[in-house]
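Structure first, then comments.
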């Protein structure tokens, strides 16, 4: 029998309009339990998580170390708090961040992959494709600077730990994880918020990477985030996960982009050419792909 536990962390989800409820609900059907580290917040985040009222969910109340201001390290620390709280009786652990949602249509595929690799010592985790939404739920960031893949399922091996700013994972002495790439997608909604919430998030979260002087110099002193500065977008032609239906329906701001005005630098054009004709991939890879899982 295979047991699966989900895990995540969150803070100030209401203040910055994080789809954390949707994130949890998107993985809960394929989890036997779910651990979430809820940081002491300036809003009703704790109450929001409790309102889900699912017996699978266990809440750990934490306090973020605000002194960890280099490279977003505090995000990895909070991730590890949730991961370390997962009991030894679980085989796999599904990680989901507060602005990510797993597609319900991929649940069976993910479970099949976990069954196949459960007893394979060569596989540490499963690698997902990523869709980065930007400005609204209708557009995807399409330049090469956006990471295309990341690990979101790992084995319950406590030698694994969250890496840098919690984007991915490593193990033992800074070794990359060996993964199986699966044809499942994560929808990343971190850049889809009302402009006021996005600006507030930028002002606060940049402090997790930089000192106050850097933030003052590089983050605009504005009440609303300017989404127009993005370089390359494309239209999203697929469907969103079911759990996002109500949130998308409630969205109350407009973002439109004439795709004829995409800004392709010479470097971006060169990368696109080399990928299209020679299959070269220049994206960030914090993992080693051992094999690809096919349905």
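For the stretch 158-167, name all the residues that are in contact with a strand residue (DSSP E or B) (Cβ under 7 Å, 6 or more places away or on another chain) and more than 15 Å from residue 8 (Cβ to Cβ).
Within the stretch 158-167, 159, 160, 161, 163 meet the criteria.
Exactly one condition in (1) part of a loop (DSSP other than H, G, I, E, B); (2) in contact with a strand residue (DSSP E or B) (Cβ under 6 Å, 6 or more places away or on another chain) is false for residue 154; which is it?
Checking residue 154 against (1) part of a loop (DSSP other than H, G, I, E, B); (2) in contact with a strand residue (DSSP E or B) (Cβ under 6 Å, 6 or more places away or on another chain), the one that fails is (1).
Residue by residue through the stretch 145-161, note down the ones that are more than 17 Å from residue 85 (Cβ to Cβ) and surrounded by 17 or more Cβ atoms within 10 Å (Cβ to Cβ).
Answer for the stretch 145-161, where residues must be more than 17 Å from residue 85 (Cβ to Cβ) and surrounded by 17 or more Cβ atoms within 10 Å (Cβ to Cβ): 146, 149, 150, 151, 152, 153.
Do you know which residues across the stretch 146-189 are closer than 28 Å to residue 223 by Cβ and at pLDDT 95 or above?
Matches in the stretch 146-189: 187, 188, 189.
Go through the stretch 53-71 and give me each residue that's surrounded by 11 or more Cβ atoms within 10 Å (Cβ to Cβ) and out of contact with any strand residue (DSSP E or B) (no Cβ under 9 Å at 6 or more places or on another chain).
Result: 65, 68, 69, 70, 71.
Go through the stretch 214-247 residue by residue and tally those that are crowded, with 16+ Cβ neighbours inside 10 Å and either out of contact with any strand residue (DSSP E or B) (no Cβ under 9 Å at 6 or more places or on another chain) or within 20 Å of residue 200 (Cα to Cα) (or both).
Qualifying residue count, the stretch 214-247: 6.
Does the stretch 82-91 include one or more residues that are within 16 Å of the chain's Cα centre (by Cα) and at pLDDT 95 or above?
yes
For the stretch 174-227, which positions are within 30 Å of residue 238 (Cβ to Cβ) and in a helix (DSSP H, G or I)?
Scanning the stretch 174-227 gives 195, 196, 197, 198, 199, 200, 201, 202, 205, 227.
Out of 166, 142, 200, which single residue is in contact (Cβ under 8 Å) with a residue 60 or more places away in the chain and in contact with a helix residue (DSSP H, G or I) (Cβ under 6 Å, 6 or more places away or on another chain)?
Among 166, 142, 200, only 166 is in contact (Cβ under 8 Å) with a residue 60 or more places away in the chain and in contact with a helix residue (DSSP H, G or I) (Cβ under 6 Å, 6 or more places away or on another chain).
Could you pull out the residue among 74, 101 that is modelled with pLDDT under 95, surrounded by 13 or more Cβ atoms within 10 Å (Cβ to Cβ) and either closer than 24 Å to residue 247 by Cβ or out of contact with any strand residue (DSSP E or B) (no Cβ under 8 Å at 6 or more places or on another chain) (or both)?
It is 74.
Does residue 112 count as in a loop (DSSP other than H, G, I, E, B), at pLDDT 95 or above and loosely packed, with under 15 Cβ neighbours inside 10 Å?
It is false that residue 112 is in a loop (DSSP other than H, G, I, E, B), at pLDDT 95 or above and loosely packed, with under 15 Cβ neighbours inside 10 Å.
The values are calculated or read from the model by the stated rules, or taken from the named source; none is laboratory data. Worth saying up front: this structure is predicted, and the values here are computed from it rather than measured. Every residue, glycine as well, gets a Cβ built from its backbone with ideal geometry; the counts of neighbours run over all protein chains shown.
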